[in-house]
Each structure stands twice: as structure tokens, then as C-alpha cells.
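Visitor: Pasting a structure below so you can have a look.
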Amino acid sequence: MFVLRRILPSCIAVAESRDDLPEGWLYPEEAALISTAVDSRRREFTTARHCARRAMRELGLRAVPVLPGRHGAPRWPSQAVGSLTHCAGYRGAALARVGDIAMLGVDAEPHGPLPDRILEAIALPRERRQVEACLARYRDVRWDRLLFSAKESVYKAWNPYTGQRLEFEDADIDIDPDAMTFTARLLAPRPDLPAGVPPAPGRLEGRWLVSEGVVLTAIAVPAPL
Ligand SMILES: CC(C)(COP(=O)(O)OP(=O)(O)OC[C@H]1O[C@@H](n2cnc3c(N)ncnc32)[C@H](O)[C@@H]1OP(=O)(O)O)[C@@H](O)C(=O)NCCC(=O)NCCS
């Protein structure tokens, strides 16, 4: 079973791979986007799109190119909301019907310490105290990397829905080490959305896990908001 499945509701189609797959392929429009990219970027981009197409098929949608939209967010068929992630040892896609899920973000990171000075750059003082307390108490999880991944999941769920960019200090993440969940409190002023679009919630609930050297986080906000 896909590990991403364990942290997302069953209405969401997921597909993932630990390696790049020989059967992965790109539409010409996708290939044009990475024609000058290094080989590793080309491979992760291709495998993530292979996963995305598997998820589209699982939802009963026709496979289409996955191209970047505003702020780099992937553009999905109009009936779908989704998220992609790739890191060393993991590529994954999650996709849902807009009638089921309003906001969706997934992120994978290598399960190792953040590089020097990154925690100070991305964490609010309260988050940093929590990470340091968890690092002292539970030694089998890299809580600094988990915090980083949770913030990336927040951004991937938030930005496509609101069109708003977020800085790392714009979300205050509270991790529950035992329930393997987290809550993100959004601190940025709420953007104006088009008429008829419900405001994004001020708190997002997420789940996390560590599997085979990878930290995974996921946020799925049910529709309607
Ligand atoms: C965009 C970003 C979130 C990607 O995360 P990452 O850990 O670097 O990389 P991942 O491999 O997990 O994800 C990459 C995928 O994210 C998706 N993505 C890019 N921009 C996105 C956006 N604005 N919204 C949603 N998804 C986005 C793309 O599908 C991309 O894959 P692709 O280039 O193959 O299409 C990150 O690079 C970034 O810009 N972060 C700064 C913003 C932020 O996180 N603020 C903190 C908020 S609290």
C-alpha cells in the first residue's frame, strides 16, 4: 500500500514511487519545460507526472499534461485538486475531486537534520522551542525536518486556493508527536478572493509519518468550505 494513503482520506487518489520508473513519459508541453534541466530534475519531474496520471486514472479522469500555473502550482483538470512532491527516495502525487476536497498539499523530505541555520530561518520562536523539546525527548524523528515539510504542505494547499504567497513566519505549526498530526494557524492577513469563493480556513489540520528515510506531511481540507 502507498504510504501517502496512510495520511490522506480515502476519497483522495494517490500514487507514489521510491525510484524513477523506466515507463515514465512526458507530453511534449511537459518535456519542453525541462529541456535544459539537469538529468536528476528531468527524472523526478517525469516520475511525479507518471504518478499524477495514475492518480487521474484512479479518479476516472482523462490523463492530461501537468503544467505549472500561477506561482508554479500544478494546473489540474477543472474537476480536480491535487499536489505533487519529489525528494531523494520519493516521488508522489495526490489528487481528489473538487466536490470532495477543497485544498490539498503533500510534501516529502529526506529524513535527516535540516542544514545549519535553516531551523532558525523557518521557525517561529514557539515552533523552535517545540522542535528542540521534541528532539530531546523523541530521538527517532527529525522534528526540524518535519516542521519544514509541514510548512511546505501548508503552502501547497494554501497558495493554489488563495493565490497568496506565504513566508515561513506566516504559519504557526503545532505538531502532535503522539497522534502524528499537526495544526497550522495562518497568521498572514487573509487575501480577498473572487466573489462566491468561500474564505480559506484560518487553521489547517495535517498528518505526518516517517517511512524508509522520508518524512511525509499532508493537508486535505474537505469541501465544501
Ligand atoms: C513550491 C515549494 C513549496 C515546493 O516544495 P519543495 O519541498 O521545494 O519541493 P517538492 O518536490 O516537495 O514539490 C515540488 C512541487 O511543488 C509544486 N508546486 C510548486 N509551486 C507550487 C505552489 N505555488 N503551490 C502548490 N504547489 C506548488 C510543483 O508541482 C512542484 O513540482 P514540479 O516542479 O515537478 O511541478 C517550495 O519550493 C517553495 O517555494 N517554498 C517557499 C514557500 C513556503 O513554503 N512558504 C512557507 C509557508 S508556511
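Visitor: Region 53-154: which chymotrypsin sites (Phe, Trp or Tyr not before Pro) are DSSP loop and have at most 12 other beta-carbon atoms within 10 angstrom?
Guide: Values: sites: Tyr90, Tyr138, Trp143, Phe148; in loops: Tyr138.
Within region 53-154, the qualifying chymotrypsin sites (Phe, Trp or Tyr not before Pro) (loop, at most 12 other Cβ atoms within 10 Å) are Tyr138.
Visitor: Still on this structure, I have one more. Among 53-64, 149-160, what's the highest-first ranking by average C-beta atoms within 10 angstrom per residue? Don't skip to the end; give the middle numbers.
Guide: Working: 53-64: 16.2, 149-160: 24.8.
Highest mean packing first, the order is 149-160, 53-64.
Visitor: If only Cα atoms are counted, what is the Rg of region 48-162, and what is its Dmax, in Å?
Guide: According to the Cα coordinates of region 48-162, Rg and Dmax are 16.3, 48 Å.
Visitor: Next up: In whole angstrom, how far apart do the alpha carbon centroids of region 37-106 and region 130-180 sit?
Guide: For region 37-106 versus region 130-180, the Cα centre distance is 21 Å.
Visitor: OK, next. With a Förster radius of 41 Å, plug the Cβ-Cβ distance of Leu67 and Arg203 into 1/(1 + (r/R0)^6) and report the FRET value to the nearest 0.05.
Guide: On the way: r = 31 Å, r/R0 = 0.76.
In this case the efficiency is close to 0.85.
Visitor: Then there is this: log10 I(q)/I(0), Debye, Cα-only region 162-225, no solvent, q = 0.13, 0.14, 0.17, 0.26 Å⁻¹?
Guide: Log10 of I(q)/I(0), two decimals: -0.44, -0.51, -0.71, -1.22.
Visitor: Binning every alpha carbon pair distance of the chain at 5 Å from zero, what are the percents per bin?
Guide: Binned Cα distances yield the sequence 1, 7, 15, 19, 20, 17, 12, 7, 2, 0, 0.
Visitor: Defining a contact as two alpha carbons under 8 Å apart and six or more residues distant in sequence, what relative contact order in percent does the chain show?
Guide: Values: 421 pairs, mean separation 47.5, N = 225.
Result for the chain is 21 percent.
Visitor: List the relative contact order of region 4-106 as a percent without decimals, with contacts defined as Cα pairs under 8 Å and 6+ residues apart.
Guide: Numbers: 159 pairs, mean separation 34.1, N = 103.
Once normalised by length, the contact order is 33 percent.
Visitor: Please report the relative contact order for region 179-225, taking Cα pairs under 8 Å with a sequence separation of at least 6, and give it as a percent rounded to a whole number. Can you show the working numbers first?
Guide: Working: 51 pairs, mean separation 17.7, N = 47.
Over region 179-225, the number comes to 38 percent.
Visitor: Okay, moving on. Note down the Stokes-Einstein diffusion coefficient of region 1-105 in µm²/s, whole number, using a Kirkwood radius over alpha carbon pairs, 37 °C, and 0.692 mPa s. Kindly include the intermediate steps, with their values, before the conclusion.
Guide: Values: Rh = 13.9 Å.
D, rounded to a whole number, is 237 µm²/s.
Visitor: Set the Förster radius R0 to 30 Å, insert the Cβ-Cβ distance between Tyr27 and Asp192 as r into 1/(1 + (r/R0)^6), and round the FRET efficiency to 0.05.
Guide: Values: r = 35 Å, r/R0 = 1.16.
Between Tyr27 and Asp192 the formula returns 0.30.
Visitor: Using each residue's phi in region 152-157, evaluate 6.51 cos²θ - 1.76 cosθ + 1.60 at θ = phi - 60° and report the 3J(HN,Hα) Karplus result to the nearest Hz, with x for Gly and Pro.
Guide: Listing the rounded values in order: 5, 5, 4, 4, 5, 7 Hz.
Visitor: Can you show me the helix-derived [θ] at 222 nm for the chain, built from DSSP H runs with n ≥ 4 at -39,500 (n - 2.57) apiece and divided by the number of residues, rounded to the nearest 500. Mind dumping the intermediate values first?
Guide: Numbers: 5 runs with 64 residues, N = 225.
Counting only the DSSP helices, I get -9000 deg cm²/dmol.
Visitor: Could you tell me the largest-minus-smallest coordinate of the C-alpha atoms of region 111-214 on each of the three principal axes, in descending order and whole angstroms?
Guide: Extents along the principal axes, in whole Å: 48, 25, 20.
FYI, it's all coordinate maths here, none of it is from the lab. Given the structure is predicted, the values throughout are model-derived calculations rather than measurements. Neighbour counts are summed over all protein chains in view; Cβ atoms, including those assigned to glycine, are modelled from backbone coordinates with ideal geometry.
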